[in-house]
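Every number in this text was worked out from the coordinates using simple rules, so none of it is lab data. Please read these numbers as outputs of a predicted model, since none were measured by experiment. Methodologically, a virtual Cβ is constructed for each residue, glycine included, from the backbone with ideal geometry; neighbour enumeration extends over all protein chains shown.
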Amino acid sequence: MPKSKIMIVDDEHISLAMTEHILSTAYTVVCASSGEDAIRMYFKEEPDMILSDLRMPGMSGFDLQQTLQKQSGHQIPFMFMTADMDEEIESKGFEIGALDFIRKPFRADVLLRRVANILQTMDQIQGLKKAAETDPMTGLLNKTSVQTEIDEICRQSKGALMMIDLDSFKPVNDIYGHDMGDKILIRFAEIICSAIRSSDIAGRMGGDEFIVFCQNVTDEAVIAEKTRYINENIVASAREFMGEDMSIPLGASIGCALAPQDGSDFLTLFKKADKALYAVKQNGKHGYSIYKESGDSDTDIASDATDLGSAIQILSERSPAKGAMTLSMEQFRLMFQFLTRVNANYQKKIHIVLFSLKGSDTDEMPSADITETFLDRMRSSLRQSDIITQSSKNQFLLILLKTTPPNAQLVIDRILNNWKNCPESGSVNINYEMKEME
């Protein structure tokens, strides 16, 4: 562990040399012969505390303390040396933030003990501050402190604010218990930290929601790579912890907003990243979306696309997730109408299925958590060319492309078998209807 660094400031060279000799037995020491020298040296040396003579020509110890406090913007541990016996001077020093005084001449053991007490006190203060600012489980910044940190940095520089959700986390707690859930959350936090630089900011907003600000990152390719890395590693870690037969569709959904074009304060960026995250959730999870102002799509393409290739890039799905494509009901309706036209001309054997969920003992609607889990199981049981939507609180529609009736039944059976592995399955009855599109 590196030694603490003490800056000694004294215009009397003999006193300076003697104090350096005493402190150098336990600490790294840097010396300044005036307040002006100390100010020039401070930001380069970054000492842990300053031991300064009180009465110096030009700039007194009090002046030095107040100047450095103002320039640094934070509390600097100061201890004063003085031969003056005036108690009013000592009182004034404590009023402006001095941590201790020592009278000249002093004994070596007394000086060492007082310096050690100051450093120990500062360590305790820093420890309390860190505890107040960090999430106790993951060690990341907590919700309040991460908002403050990001708000400060995004007002000064460009970068990417990324909201990161751990998808399908609830079944981990339900199936494997909360101890396993804690292990997964801790590992997820470690994976997020390994995907970013030490200078970036990472925090836990609560539950399975995390947030990151990557300074000077605006390239979509970088965001896509981070998404891929986080998704691959959380699945690998889950299988390491829970076994290779782990079937929970864990992954990360990331919504991103860019500073300064999407905003230069935390709240504005957060709201836009949240909208982008919602788009990922609607489109199958385990991917990313970068916020873009909504508007007429034809206008967007006309203004952004310079050729057919760039138009295709604008239209293309970003980071397609495994499993079926999940659409809103309105999107699903348009897709159904289009496929009806396709089927009328090309006879592609398209089937549509309706799943209905009800409580096993009552006709009550299942909870939102249960329907979310069923949606995850259904999505992971399907191909990327299949399409699903939640059409009501307890119903889901599914389109299966190019399937014969026996193959369509196999798909339905696979969905129901995957659902039976969930703890919630015993509390819900599932009915389905299937029809070939005419």
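Data for the structure
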quantity: Structure-derived mean projected area of the Cα convex hull in nm²: which label, when the choices are [x] 21.7; [y] 24.7; [z] 29.7; calculated: [z]
quantity: Taking LEU161, LEU397 and counting other C-beta atoms within 10 Å, the order from fewest to most; calculated: LEU397, LEU161
quantity: Rel. contact order, % - alpha carbon contacts under 8 angstrom, at least six apart, the range 325-436; calculated: 41
quantity: Normalised contact order of the chain, rounded percent, pairs of Cα under 8 Å and 6 or more residues apart; calculated: 10
quantity: Surrounding net charge for LEU166, when Lys and Arg each add one and Asp and Glu each subtract one, Cβ distance under 9 Å; calculated: -4
quantity: Sequence-distant lysines (8 or more away, or on other chains) whose Cα lies within less than 18 Å of LYS143; calculated: LYS129, LYS130, LYS271, LYS272
quantity: Relative packing of 400-407, 266-273, which averages over residues the other C-beta atoms within 10 Å, highest first; calculated: 266-273, 400-407
quantity: The range 54-81 residues near the modelled GLU133 label - backbone nitrogen below 13 Å, point 7 Å along Cα→Cβ; calculated: 74-75
quantity: Packing-based order for 165-172, 415-422, using average beta carbon neighbours within 10 Å, highest first; calculated: 165-172, 415-422
quantity: Formal net charge of residues neighbouring PHE213 (Cβ-Cβ distance under 9 Å; K, R +1; D, E -1); calculated: -2
quantity: Extended-chain gain in nm, criterion 0.36 nm per residue less alpha-carbon gap, SER72 and GLN156; calculated: 28.5 nm
quantity: Integer Hz, Karplus 6.51/-1.76/1.60 couplings in order for the range 275-288, x for Gly and Pro; calculated: 5, 5, 5, 4, 4, 5, 4, 6, 10, x, 6, 6, x, 9
quantity: At R0 = 45 Å, FRET efficiency that the Cβ-Cβ distance of GLU46 and LYS275 yields, to 0.05; calculated: 0.65
quantity: Order by protection proxy (mean Cβ within 10 Å, highest first), peptides 217-225, 73-81; calculated: 73-81, 217-225
quantity: Label point at SER194 placed 7 Å out along Cα→Cβ; residues across the range 235-274 whose backbone nitrogen lies under 17 Å; calculated: 235-243, 251-252
quantity: Trypsin sites (Lys or Arg not before Pro) restricted to the range 1-78 and DSSP loop, no more than 11 other C-beta within 10 Å; calculated: LYS3
quantity: Local net charge near LYS104, Cβ-Cβ under 10 Å (Lys/Arg +1, Asp/Glu -1); calculated: -3
quantity: Distance between modelled label sites at GLN331 and LEU267, nm, 7 Å Cα→Cβ extension; calculated: 3.0
quantity: Bridge type composition, the range 117-245 - antiparallel percent by DSSP, nearest 5; calculated: 95
quantity: Gained length - ASP179 relative to LYS3, 0.36 nm times residue gap less alpha-carbon distance; calculated: 59.5 nm
quantity: Net lengthening on full extension, GLU232/ASP413 (0.36 nm per residue, minus Cα-Cα); calculated: 62.4 nm
quantity: Spin-label model distance (nm) - PHE338 vs LYS143, 7 Å beyond Cα toward Cβ; calculated: 3.9
